[in-house]
Amino acid sequence: MKMAEELAERLARDVIAAQKELGDEQLVNEVSKLLEASSTTMQEAFLTAARVILSEERARQFLDQKIDAALKAAQAAQQG
């Protein structure tokens, strides 16, 4: 169901943004429970989208840290 996936992704992005802004680590879970009561299809699509988005963010942070560390090491080697 493409429509459910698209709606779920938009909702997941909005919920994750709100979660960060509010500092509410349980917001994704709370929305998931609300969705479960009305549509398990939407709930599953929402949780999948949220996991994918959060995983990608963590991977990008990791990559950025690795790149920063490598650049600092290269600069230190040039100065040393």
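Here are the numbers for this structure:
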item: D (Stokes-Einstein, µm²/s), Kirkwood Cα radius, the chain, 1.306 mPa s at 10 °C; result: 110 µm²/s
item: Neighbour-count order for 2, 20, fewest beta carbons within 10 angstrom listed first; result: 2, 20
item: Helical mean residue ellipticity (222 nm; -39500 (n - 2.57) per DSSP H run of 4+; nearest 500) of the chain; result: -32000 deg cm²/dmol
item: Fluctuation leader among 51, 13, 60 - the chain, Gaussian network, Cα springs under 10 angstrom; result: 60
item: Relative contact order [Cα under 8 Å, 6+ residues apart], the chain, whole percent; result: 33 percent
item: Farthest positive-ward along the chain dipole, Cα basis, beta-carbon charges - from 12, 74, 22; result: 74
item: The range 2-79 - charge dipole about Cα centre, Lys and Arg +1 at Cβ, Asp and Glu -1, debye rounded to 20; result: 320 debye
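Computed from the coordinates by the stated procedures, all read-outs in this text should not be read as laboratory data. Worth saying up front: this structure is predicted, and the values here are computed from it rather than measured. Don't worry about glycine lacking a Cβ; one is built from the backbone with ideal geometry, like all the others, and counts go over all protein chains shown.
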